[in-house]
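To start, the structure itself, in structure tokens.
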Amino acid sequence: MARRKNTVTNQGMVGDYTIMRDFMGTLQTQIKDLVQAKSDSYAAMAKMSDEGFKDKIFVDFFEKFKKNSDMIDALNDKLKESIKFYDKVAALNEKYLNEEFRK
């Protein structure tokens, strides 16, 4: 079986803990942006509801959005797990690379 090449997301991260920490920062930003987008969407829908949008189409859309909102929350949880994983790997790389270079 042929060995797969690294994906674009993973290239260079194996031994470079600074790149890993930058990637973790990117994940944190994505989480923040997703939460903000979800909040903005809820606020817009609440405003629409207050202004009289209460027909079946709006109610159906809102129910579907709630389901998608749950998916956004699940994605945020996975991103947080990824950050914890990369933090551990980055800390190990930093520790052992520094110890190796001190010899």
Cα-centre dipole for region 26-102 with unit charges at Cβ (Lys and Arg positive, Asp and Glu negative), debye to 20: 80
For Met24, Met48, what's the fewest-to-most ordering of other Cβ within 10 Å of each Cβ? Met48, Met24
Apply 1/(1 + (r/R0)^6) to the Cβ-Cβ distance of Met48 and Asp70, taking R0 = 22 Å, and write down the FRET efficiency to the nearest 0.05. 0.60
Excluding residues fewer than 8 places away in the same chain, name every one of the lysines whose C-alpha is closer than 21 Å to that of Lys54. Lys38, Lys64, Lys66, Lys67
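Just so you know, all these numbers are worked out from the coordinates, no wet-lab data involved. Computed from a prediction, not measured in an experiment: that's the story for all the values here. Backbone-built Cβ (ideal geometry, glycine too); neighbour counts: all protein chains shown.
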